[in-house]
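Asks: I'd like to ask some things about the structure below.
The values are calculated or read from the model by the stated rules, or taken from the named source; none is laboratory data. The model shown is predicted, which means the values in this text are computed figures rather than measured ones. When we count neighbours, we look across all protein chains shown, and the Cβ atoms used for this are built from the backbone with ideal geometry, even at glycine.
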Amino acid sequence: MDSTAEDGEGTGRRLRDLRRARGLKQQDLASDDVSVSYISMIESGKRTPSAAVVSLLAERLGCTTGYLLTGQDATRTRELELKAAFADLSLHNGAIGEALQAFSEVLASAPVLPEATVRRARLGQALALEQLGRLEAAVQALTMLYEDPKCIAGSAEWSQLATALCRCHQALGDQVLSVEIGERALRRLDQLGLEATDDHIQLGAVLVSCYRSRGDLAKARLVVERLTRFADDHGGRNAQREIYWNAALVAQSQGHIDEALTLAERARALLVEGDNVRHRALLSGVYGMLLLCTDPGDPERARQLLEESHAQLVEVGTAAEQATAESSLAVACLRLHQAVEAQQHASRALGLLRDEPRRESVEARAVLAHAQFSAGESQRAQETLRAAGTQLRQLPPARSSAAVWRQIADIWQQYGYVAESTAAYQQALNDAGLPGLPTSTDQVDVAGAL
């Protein structure tokens, strides 16, 4: 085949691919000067278009003649790579909607871009979808990239994808799959014998969070101790902050509040100007809630931190994160004997969550009921707390659900509802994997057995 035929075949292939990427049909490119059949022959490589035809087709496809003829368009490529860089910056700064739009615009021109730029934009798009709470779409995009043979195990991209998949499946309530992905990825890193990087440490930090969510605090503690050594010796400020942050949450779950506060303070000390705004807000929220867990605590200081966190999350946080901030503020208001303000915050949390069956919704209802009891609205409080229990039963049994049952039981008990509190305590034990003795005809005669 001569060089002219080869050029024609390459032009035709690029014409076809770009037309399809634009969602156009051959007739959409046709005109009085260029028939549908002629476009078909160009795409199949049977005809080499003239310069005038190439110029006409390039104009209709929104590309340059240089790209159609050679596959190269340096000016356009530089423009799109710059747009992808600005999209990354928007994502980092919490302008999620803006980032998603920019990544989508970049991907619309994927055929003219280097593969590395396309993958970078697809990853950014998936992370933006995650931040916007569109978790199913994010998982689909992340999985496609993660399972691509071109994604090399141990690379920075691979670690980012594994970390994001862990987070998304955890947020979707699939603790088994989130832990499985994280454990498999860390095993693979161990097999490769790679030196720990910030990306690897952050993957481990997310796995710690997954362990904590399903109540496996022993494993969470072991991973924290291992990663703390790596982070202190080799990690940057971000990696160290992630580890101390998660270590604080594990300590809190184990009831070691003073230790948790110390670890959270170390995490906060690693914050610097220009850090991710969302991370700063979330860490402030964690520290504020820890202050509320101490006795007597510092509810005024806690509320100040929680208000700062909430103000930032309104701009850059997901709906669930904003709802958690509202619920935390409701708890702070209760500690300050401000029942009306507590009800307002808890109600806003429920509005953000749209009544979805999730732990955050149940916690918001529980604190709302507490505030209603505190305000003397006993009937409304009972209805709210029963609704919280009904919703909690829709969630799979786990340590996290057991902890919420315990909160509900404590509220019932505080206001003198013995039967309701006993039932809630029993449910907490069941969800924690500690069922009672068998009853009725299945009951074992323990005394006789002894």
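Asks: In the set 309, 327, which member is modelled with pLDDT of 90 or more, buried (at least 23 other Cβ atoms within 10 Å of the Cβ), outside any loop (DSSP other than H, G, I, E, B) and touching a Gly at 6+ places or on another chain (Cβ under 8 Å)? Quick ask: steps written out before the conclusion?
Replies: On the way: 327 fails: touching a Gly at 6+ places or on another chain (Cβ under 8 Å).
That would be 309, the only listed residue that is modelled with pLDDT of 90 or more, buried (at least 23 other Cβ atoms within 10 Å of the Cβ), outside any loop (DSSP other than H, G, I, E, B) and touching a Gly at 6+ places or on another chain (Cβ under 8 Å).
Asks: Looking at the structure I just gave you, is residue 206 closer than 26 Å to residue 400 by Cβ and in contact with a Gly (Cβ under 8 Å, 6 or more places away or on another chain)? Break it down stepwise before answering.
Replies: Working: closer than 26 Å to residue 400 by Cβ: yes; in contact with a Gly (Cβ under 8 Å, 6 or more places away or on another chain): yes.
The answer is yes for residue 206.
Asks: Within region 93-116, restricting attention to residues that are within 24 Å of residue 280 (Cα to Cα) and surrounded by 18 or more Cβ atoms within 10 Å (Cβ to Cβ), which residue is modelled with the lowest pLDDT? Explain how you work it out, then say what you get.
Replies: Start the filter on region 93-116 by keeping residues that are within 24 Å of residue 280 (Cα to Cα), which leaves 93-100.
Add one more test, that the residue is surrounded by 18 or more Cβ atoms within 10 Å (Cβ to Cβ), and what stays is 94-96, 99-100.
Values: 94: 77, 95: 84, 96: 87, 99: 92, 100: 93.
Applying the filter and picking the extreme gives 94.
Asks: Do we find a residue being closer than 25 Å to residue 171 by Cβ and surrounded by fewer than 19 Cβ atoms within 10 Å (Cβ to Cβ) anywhere in region 340-347?
Replies: As a first pass, look at region 340-347 and keep what is closer than 25 Å to residue 171 by Cβ: 345-347.
Filter once more, keeping what is surrounded by fewer than 19 Cβ atoms within 10 Å (Cβ to Cβ): 347.
Within region 340-347 (the criterion being closer than 25 Å to residue 171 by Cβ and surrounded by fewer than 19 Cβ atoms within 10 Å (Cβ to Cβ)), the answer is yes, since at least one residue qualifies.
Asks: Return only the number of the condition from (1) more than 26 Å from residue 395 (Cα to Cα); (2) of a type outside the set (D, E, K, R); (3) surrounded by fewer than 22 Cβ atoms within 10 Å (Cβ to Cβ) that residue 253 does not satisfy.
Replies: (1)
Asks: Follow-up question, since we're still on this one. Which residue is farthest from residue 242 (Cα to Cα), if the candidates are limited to region 187-202 and must be part of a helix (DSSP H, G or I) and in contact (Cβ under 8 Å) with a residue 24 or more places away in the chain? Steps first, please.
Replies: To start, the set of residues in region 187-202 that are part of a helix (DSSP H, G or I) comprises 187-192, 198-202.
The next check asks that each one be in contact (Cβ under 8 Å) with a residue 24 or more places away in the chain; those that pass are 188-189, 192, 198-202.
On the way: 188: 21, 189: 19, 192: 23, 198: 10, 199: 11, 200: 11, 201: 8, 202: 6 Å.
If we take residues in region 187-202 being part of a helix (DSSP H, G or I) and in contact (Cβ under 8 Å) with a residue 24 or more places away in the chain, then 192 is farthest from residue 242 (Cα to Cα).
Asks: Still on this structure: Provide a single number: the residues in region 1-37 that are modelled with pLDDT of 80 or more and not in a helix (DSSP H, G or I).
Replies: Of the residues in that region, 10 qualify.
Asks: Please state which one of 122, 78, 47 is farther than 30 Å from residue 317 by Cα and either buried (at least 17 other Cβ atoms within 10 Å of the Cβ) or in contact with a Leu (Cβ under 9 Å, 6 or more places away or on another chain) (or both). Show your work before the answer.
Replies: Values: 122 fails: farther than 30 Å from residue 317 by Cα; 78 fails: either buried (at least 17 other Cβ atoms within 10 Å of the Cβ) or in contact with a Leu (Cβ under 9 Å, 6 or more places away or on another chain) (or both).
After ruling out the rest, the residue left standing is 47.
Asks: Return yes or no: is residue 285 under 25 Å from residue 131 (Cα atoms) and modelled with pLDDT of 90 or more? Give the steps one after another, and end with the answer.
Replies: Numbers: under 25 Å from residue 131 (Cα atoms): yes; modelled with pLDDT of 90 or more: yes.
So residue 285 fits the description; yes.
Asks: On to the next question. Anything in region 392-429 that is touching a Lys or Arg at 6+ places or on another chain (Cβ under 7 Å), in a helix (DSSP H, G or I) and not hydroxyl-bearing (Ser, Thr, Tyr)? List them, or say none.
Replies: 399, 404, 428
Asks: Kindly provide the set of residues from region 243-275 that are out of contact with any Leu (no Cβ under 9 Å at 6 or more places or on another chain) and within 26 Å of residue 91 (Cβ to Cβ), ordered by number.
Replies: 269, 270, 272, 273, 274, 275
Asks: Give the residue, chosen from 89, 113, 107, 127, that is within 18 Å of residue 319 (Cβ to Cβ) and not basic (Lys, Arg). Write out each step before concluding.
Replies: On the way: 89 fails: within 18 Å of residue 319 (Cβ to Cβ); 113 fails: within 18 Å of residue 319 (Cβ to Cβ); 107 fails: within 18 Å of residue 319 (Cβ to Cβ).
None of the other options fit; the residue is 127.
Asks: Can I ask one more? When residues of region 74-88 are filtered for being closer than 15 Å to residue 125 by Cβ, of a type in the set (A, V, I, L, M) and without any contact (Cβ under 8 Å) to a residue 24 or more places away in the chain, how many remain?
Replies: 1
Asks: Can you tell me which condition residue 351 does not meet? The list is (1) crowded, with 16+ Cβ neighbours inside 10 Å; (2) modelled with pLDDT of 90 or more; (3) within 28 Å of the chain's Cα centre (by Cα); (4) under 23 Å from residue 317 (Cβ atoms), and all the others hold.
Replies: In the conditions (1) crowded, with 16+ Cβ neighbours inside 10 Å; (2) modelled with pLDDT of 90 or more; (3) within 28 Å of the chain's Cα centre (by Cα); (4) under 23 Å from residue 317 (Cβ atoms), residue 351 misses (1) alone.
Asks: Of the conditions (1) under 25 Å from residue 220 (Cβ atoms); (2) buried (at least 17 other Cβ atoms within 10 Å of the Cβ), residue 410 clears all except one; give me its number.
Replies: Checking residue 410 against (1) under 25 Å from residue 220 (Cβ atoms); (2) buried (at least 17 other Cβ atoms within 10 Å of the Cβ), the one that fails is (2).
Asks: Condition first: surrounded by 15 or more Cβ atoms within 10 Å (Cβ to Cβ) and not charged (D, E, K, R). Now tell me which residues in region 144-165 satisfy that.
Replies: Applying the first criterion (surrounded by 15 or more Cβ atoms within 10 Å (Cβ to Cβ)) to region 144-165 yields 145-146, 151, 154, 157-165.
145, 146, 151, 154, 158, 159, 160, 161, 162, 163, 164, 165, listed by residue number.
Asks: Cβ-Cβ under 7 Å, sequence separation 6+ or interchain: first residue in region 360-381 and within 30 Å of residue 172 (Cβ to Cβ), partner not in a helix (DSSP H, G or I). Which pairs?
Replies: Short answer, once both residue conditions are applied: 361/355.
Asks: Something else about it: Could you tell me whether region 355-369 includes any residue that is closer than 24 Å to residue 280 by Cα and either of a type in the set (A, V, I, L, M) or modelled with pLDDT of 95 or more (or both)?
Replies: First, the residues of region 355-369 that are closer than 24 Å to residue 280 by Cα: 359-361, 363-364.
Going one step further and asking which of them are either of a type in the set (A, V, I, L, M) or modelled with pLDDT of 95 or more (or both), we end up with 364.
There is at least one residue in region 355-369 that is closer than 24 Å to residue 280 by Cα and either of a type in the set (A, V, I, L, M) or modelled with pLDDT of 95 or more (or both).
Asks: Here's another thing I want to ask about it. Are any of the residues in region 34-50 within 30 Å of residue 156 (Cα to Cα) and acidic (Asp, Glu)?
Replies: Taking region 34-50 and keeping what is within 30 Å of residue 156 (Cα to Cα), we get none.
Checking region 34-50: not a single residue is within 30 Å of residue 156 (Cα to Cα) and acidic (Asp, Glu).
Asks: Separate question: Of everything in region 370-387, what is in a helix (DSSP H, G or I), of a type in the set (Gly, Ala, Ser) and either modelled with pLDDT under 90 or surrounded by fewer than 24 Cβ atoms within 10 Å (Cβ to Cβ) (or both)? Give them in sequence order.
Replies: Applying the first criterion (in a helix (DSSP H, G or I)) to region 370-387 yields 370-374, 378-387.
After this cut, where a residue has to be of a type in the set (Gly, Ala, Ser) as well, the list is 371, 374, 378, 381, 387.
Scanning region 370-387 gives 374, 378, 381, 387.
Asks: Taking region 222-273 only, how many residues are over 18 Å from residue 202 (Cβ atoms) and either touching a helix residue (DSSP H, G or I) at 6+ places or on another chain (Cβ under 7 Å) or not in a helix (DSSP H, G or I) (or both)?
Replies: Within region 222-273, the subset over 18 Å from residue 202 (Cβ atoms) is 251-262, 265, 269, 273.
Checking which are either touching a helix residue (DSSP H, G or I) at 6+ places or on another chain (Cβ under 7 Å) or not in a helix (DSSP H, G or I) (or both) leaves us with 251-257, 259-261, 273.
So the count comes out to 11.
Asks: Sticking with this one: All but one of (1) at pLDDT below 90; (2) in contact with a Leu (Cβ under 7 Å, 6 or more places away or on another chain); (3) closer than 19 Å to residue 197 by Cα hold for residue 156; state the number of the condition that does not hold.
Replies: (2) is the only condition that residue 156 fails.
Asks: Do we have any residue at all in region 172-180 that's surrounded by fewer than 15 Cβ atoms within 10 Å (Cβ to Cβ), in a helix (DSSP H, G or I) and more than 19 Å from the chain's Cα centre (by Cα)?
Replies: no
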